[in-house]
Amino acid sequence: GIMRTHHPVRVRIRLGESVSEVMHDIDTLKGATNDHAMRDFIVSLPWLGIQEAGYSGFRFVRIDLIDSDVELHLKEVNAIFVYRDIMYKGSFRCNDEKLNQIWLTGAYTVHLNMQQNLWDGIKRDRLVWVGDMYPEVMTINSVFGYNEVVPKSLDAAKDQTPLPGWMNTISAYSMWWVLLQKEWYNAHGDKQYVEAQKKYLTGLLDFLMTKVDSLGHEQLDGMRFLDWPSSENKMAIHAGYQALLVMTLEAGSELCLLLKEPTVALRCQEMSRKMKTHIPEAGNNKQAAALLSLADMIDPLKANQIISLGGAKDFSTFYGYYMLQAMAKAGNYQQAIDIIRQYWGGMLDMGATTFWEDFNLDWMENAAPIDEPVPVGKKDIHGDYGAYCYIGLRHSLCHGWASGPTSWLTQHVLGVSVAEPGCKTIRIKPNLGNLLWVEGTFPTPYGTVTINHKKQRDGKIKTTFKAPKEVKVIQL
């Protein structure tokens with residue numbers, strides 16, 4: 001029926017990534033906020049009309065009537081989905097449904113964050129964080145292929161950070177920018193885009209080289225940050241920074257040769273060699289061990305020992321990707337697959353449909369899933385945990401940096417990697433562990449590659465593939 005009064009009626013709308021969040025006020029003990037996106041606000045609804053409200057990332061909505069002595073007739077409440085209508089060109093399927101779900105969840109998490117720019121979080125952290133972009137871009141390359149959101153976001157970071165500034169004020173993030181330029185060129189072969197980076201890139205590399213002392217030790221300033229769980233470990237940060245700068249100089253040298261800047265390229269190579277004479281201790285830190293291994297500074301098997309100790313214990317959502325990469329480098333595919341099932345699968349077991357900003361297996365003990373009200377006597381996995389800048393309900397449950405397993409499964413299990421810029425040549429080298437079969441697709445600038453692996457009775461793998469004629473395939 002039609003409401004008797006013609007005055008607007010006030011309602012309070014709360015949006016939440018979990019049921020717990022949708023039930024909480026701002027500034028409660030659980031840390032719910034309106035940061036970056038309004039999730040708790042009052043709106044007036046018109047008589048005989050429609051009102052659009054809210055621009056956030058959410059899964060649950062609670063609506064309360066604010067005004068007393070009025071009745072409100074709601075005909076319908078619709079949620080509007082704002083997203084890039086893009087094709088999932090890459091795919092991954094195997095005989096383990098949990099892994100299939102994890103691959104897709106990582107892809108979907110990044111997809112949601114591909115908005116005006118490539119954000120880190122769909123509710124909180126609607127910002128371009130350059131370091132966080134690295135796993136996201138690897139996911140985009142594996143799933144969507146070329147998308148303008150990546151160069152747009154890399155350019156935004158560059159334009160907002162004139163030298164000698166650090167991107168996002170974090171010295172590591174300027175290094176990740178160089179590594180991203182290399183990955184983007186590698187996947188898409190867009191030389192024109194790299195040409196446009198020449199001035200900034202060479203300037204940044206020159207600046208980075210002033211941050212190394214005479215013994216080859218990095219002396220980077222700005223905020224010194226790898227990821228949150230390692231952020232209090234100064235020794236790990238130095239080891240990670242030493243490795244990250246070596247990788248940056250090597251990537252920079254490759255790009256400079258491409259850009260016909262042989263002098264800068266040579267200086268990068270010499271500095272990288274000098275830095276490799278100082279190999280800091282990783283301690284027992286998985287983040288540092290992973291980067292040292294990926295920079296070819298410690299034996300991959302030694303790094304693997306540190307990383308695989310306790311399995312998914314001390315894994316992190318962002319640097320978990322590099323830990324998995326270092327395990328693959330040591331040939332430890334099976335345990336890496338098990339950790340993906342346990343750690344990223346753990347979020348799915350707790351009701352997740354996207355991967356979180358942070359996660360710790362210990363949180364699961366006696367905890368209610370995020371898609372149900374928290375019963376008395378159970379832990380609230382959203383409101384009771386989190387640390388640093390994401391305490392309690394401020395914690396984002398859709399964070400692109402956590403999508404590592406998507407590109408990892410494509411690269412190491414489906415086994416496809418780029419061997420020549422622009423995917424002119426790709427390599428196929430499957431590692432099935434205890435899986436029986438795996439099939440999938442991989443996007444290239446020339447079209448999609450289709451791959452199928454089946455384990456035979458004798459344990460050997462039979463591979464079939466179909467690739468566009470412009471793409472050369474090397475089978476290993």
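The values are calculated or read from the model by the stated rules, or taken from the named source; none is laboratory data. Source: prediction; values computed, not measured. Positions of Cβ are backbone-derived with ideal geometry, glycine not excepted, and every protein chain shown enters the neighbour counts. In case anyone asks, the SASA skips ligands and DNA or RNA and just uses the protein heavy atoms, side chains included. Shrake-Rupley method; radii C 1.70, N 1.55, O 1.52, S 1.80 Å.
Are there helices (runs of 4 or more DSSP H) fully within region 249-320 with at least 3 residues that are surrounded by 17 or more Cβ atoms within 10 Å (Cβ to Cβ) and touching a residue at least 60 places away in the same chain (Cβ under 8 Å)? List them.
On the way: elements: 262-275, 286-294, 300-308.
Here the list reads 262-275, 286-294.
Go through region 120-144 and count every residue that is open to solvent by 10 Å² or more (accessible area, probe 1.4 Å), closer than 25 Å to residue 442 by Cβ and not hydroxyl-bearing (Ser, Thr, Tyr). Going through region 120-144 one residue at a time, the tally reaches 2. Taken residue by residue, region 403-419 has no member that is open to solvent by 50 Å² or more (accessible area, probe 1.4 Å), touching a residue at least 24 places away in the same chain (Cβ under 8 Å) and farther than 16 Å from residue 142 by Cβ. Set side by side, the residues 186, 168 differ, and just one is open to solvent by 10 Å² or more (accessible area, probe 1.4 Å) and in contact with a Pro (Cβ under 6 Å, 6 or more places away or on another chain), which is 186. Among the conditions (1) free of Cβ contacts under 8 Å to residues at least 60 places away in the same chain; (2) in a loop (DSSP other than H, G, I, E, B); (3) of a type in the set (Phe, Trp, Tyr), the only one that residue 363 does not satisfy is (2).
For region 70-99, name all the residues that are hydroxyl-bearing (Ser, Thr, Tyr) and either in a loop (DSSP other than H, G, I, E, B) or more than 19 Å from the chain's Cα centre (by Cα) (or both).
83, 88 - these are the residues of region 70-99 that are hydroxyl-bearing (Ser, Thr, Tyr) and either in a loop (DSSP other than H, G, I, E, B) or more than 19 Å from the chain's Cα centre (by Cα) (or both).
Against the numbered list (1) out of contact with any strand residue (DSSP E or B) (no Cβ under 6 Å at 6 or more places or on another chain); (2) assigned to a helix (DSSP H, G or I); (3) open to solvent by 20 Å² or more (accessible area, probe 1.4 Å); (4) closer than 30 Å to residue 280 by Cα, residue 163 comes up short only at (2).
The numbered conditions (1) at pLDDT below 95; (2) part of a helix (DSSP H, G or I) are all true for residue 5 except (2). The set of residues in region 67-93 being more than 25 Å from residue 452 (Cβ to Cβ), open to solvent by 90 Å² or more (accessible area, probe 1.4 Å) and either among the basic types (Lys, Arg) or in contact (Cβ under 8 Å) with a residue 40 or more places away in the chain (or both) consists of 75 alone.
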